[in-house]
Amino acid sequence: MADFIQLSINGLALGSVYALAAIGFVIVYSATGVVNFASGQFVMLGTFAGVAMLINGGLPWPVGYVGALAAMALFGALFFLVVYLPLRSSPVVTIIIGTVAVGIALQNAAQLTFGSWPFRLQSPFEGMTIEIAGAVITVHAVAVVVGTGILIGLLWLLLHRTTIGIGMRAVAQDVKAARLMGLRVNGLLAFSWVLAALLAGIAGLMLGPMWFADVNMGDPIALKAFAATIIGGFGSLPGAIAGGLFVGLTEVLGASYLSSAYKDLIAFGAMIAFLLVRPQGIFGERIQDRG
């Protein structure tokens, strides 16, 4: 029982990271109709922003975390201005290819800057553990789960209780109508990319102490985030959360009770099953044309 509790908390912590990456994925898709295949590299960049601030820069973790997230916000704005905005009038597939190209460029830039040797990003709760029903659990894993819950609550308040959030939802519903109503569509779209980059940065900082920071870490994260959105419901924020937690739990529990060789097979097998049986996912709605 103790082992199951420990594995479940670790799975929820890993699933929380996938959920944050999937939420950023959904926010961009809902606002722009673009599937951002560089989402995994966004998370990788967040991890290495932490490496640059905390390891290379030697900053204390509160300052380093703020600096890393500020860098991610700037990166999100630059991505909107340099990649999305010039390609906005192009076919969607062209923009998607652009995100793939940027993801590859980010991965190679990280390798040129930091090298191929992995880094160990320390947690603010390094070495701290708690005991629950005989299970020894790291404080970092608990903090990741709790922190993700708080972030999801703050995101709900942003989207439903602020002018910016309501404007983002209006743009996601109908871009032309939002423009006719006087909303600053470009600014809201830019904020969507910035928010996605911030969520990816937070996910990367959370993931750094659980994984080694490696320049190739973006690809598996992007695939798991994509699987989470399919399982939970493409375009659904609750679905991204549920899908991310499901993928994280199945990965950790499957690796422990079955075999580490099958952990990916379970998650992607579930994704294929949903595509065959319930393509809209757990919380998905009927597909509608964007206005």
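The values are calculated or read from the model by the stated rules, or taken from the named source; none is laboratory data. On a predicted model such as this, the values are computed, not experimentally measured, just so you know. Note: ideal-geometry Cβ built from the backbone for every residue, glycine included; neighbour counts use all protein chains shown.
Brief remarks follow.
- Residue within segment 89-112 that is surrounded by 15 or more Cβ atoms within 10 Å (Cβ to Cβ), of a type in the set (Ser, Thr, Tyr) and at pLDDT 95 or above present: no
- Filter result (at pLDDT below 80 and surrounded by fewer than 18 Cβ atoms within 10 Å (Cβ to Cβ)) within segment 264-291: Glu285, Arg286, Ile287, Gln288, Asp289, Arg290, Gly291
- Residues in segment 194-218 that are within 23 Å of Tyr84 (Cβ to Cβ) and within 12 Å of the chain's Cα centre (by Cα): Leu195, Ala196, Ala197, Leu198, Leu199, Ala200, Gly201, Ile202, Ala203, Gly204, Gly218.
- Among the numbered conditions (1) at pLDDT below 90; (2) over 20 Å from the mean Cα position of the chain (by Cα), the only one that Gln6 does not meet is (1).
- Subset of segment 97-110 (residues that are in contact (Cβ under 8 Å) with a residue 24 or more places away in the chain and more than 15 Å from Phe42 (Cα to Cα)): none
- Any hit, segment 163-179, residues being out of contact with any Pro (no Cβ under 9 Å at 6 or more places or on another chain) and within 28 Å of Gln6 (Cβ to Cβ): no
- Answer residue from segment 157-216, given it is β-branched (Val, Ile, Thr) and touching a residue at least 60 places away in the same chain (Cβ under 8 Å) and is nearest to Val146 (Cα to Cα) among those: Ile202
- Of the residues making up segment 135-171, those that are in contact with a helix residue (DSSP H, G or I) (Cβ under 7 Å, 6 or more places away or on another chain), among the small types (Gly, Ala, Ser) and either farther than 24 Å from Gln122 by Cα or at pLDDT below 90 (or both) number 4.
- Looking across segment 231-263 at every residue that is aliphatic (A, V, I, L, M) and under 14 Å from the mean Cα position of the chain (by Cα), the one that is surrounded by the most Cβ atoms within 10 Å (Cβ to Cβ) is identified as Val247.
- Cβ pairs under 8 Å, 6+ apart, first in segment 237-253 and assigned to a helix (DSSP H, G or I), second of a type in the set (Asp, Glu) and surrounded by fewer than 24 Cβ atoms within 10 Å (Cβ to Cβ): Glu251/Asp264
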